1. What does the charge count near residue 58 come to, summing +1 for each Lys or Arg and -1 for each Asp or Glu among other residues with Cβ under 11 Å from its Cβ?
2. From the C-alpha gyration tensor of the stretch 3-85, pull out the three semi-axes of the equivalent ellipsoid (sqrt of 5λ each), sorted largest to smallest, in whole Å.
Amino acid sequence: MPWKVLYVASRSEKKVNQRLQELGLESYVPLKTEKKQWSDRIKTVVSPLISGYVFAKVNDATREEVFKVNGVINYVRYNGGDAVVREQEIVALKSIEEKGYYIEGSFSEEWKTGDKVLIQYGPFKGLYGAIQSEAHEDVFKIAIEDIGYILTIKVPKEVLVKHKS
């Protein structure tokens, strides 16, 4: 079964994920853990890595089941059909979550905005992306084209190669 992307109501990603799993559907919400500071305290907050999206493994027979869950708005559409995410991209998202690789940042000087790249090694091996901006660190914004979302992940420039599309 392919992974498909669901639009969900604002701030309901974790609840929708739980309810989908209660229905017996395989679903996934990548999470990030951050320390947030308020004027009187510091608190650890777990929130979705990609706001408004839940990934669900469904086929034609189970496609409509997701709409039984309160908070599901619709499927993300791409090229006239449901957006499909490759298994290796879900594995990469799980790795980002597991290893805490989520960061804010931008790019190394030797890469230009718009350059297409392929990650050759490591937990993100096989992901394609496009450079979104330049900076002075080895921090790369990788766009997952199937859903049009940009993740900011830290990978050494040595694992990247320019990719011609």
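FYI, it's all coordinate maths here, none of it is from the lab. What you see is a predicted model, and the numbers here were worked out from it, not measured in a lab. All Cβ positions, glycine included, derive from the backbone under ideal geometry; neighbour counts span all protein chains shown.
1. Numbers: positive: 4, 57, 63; negative: 26, 60, 64, 65, 82.
Its environment carries a net charge of -2.
2. 28, 13, 10
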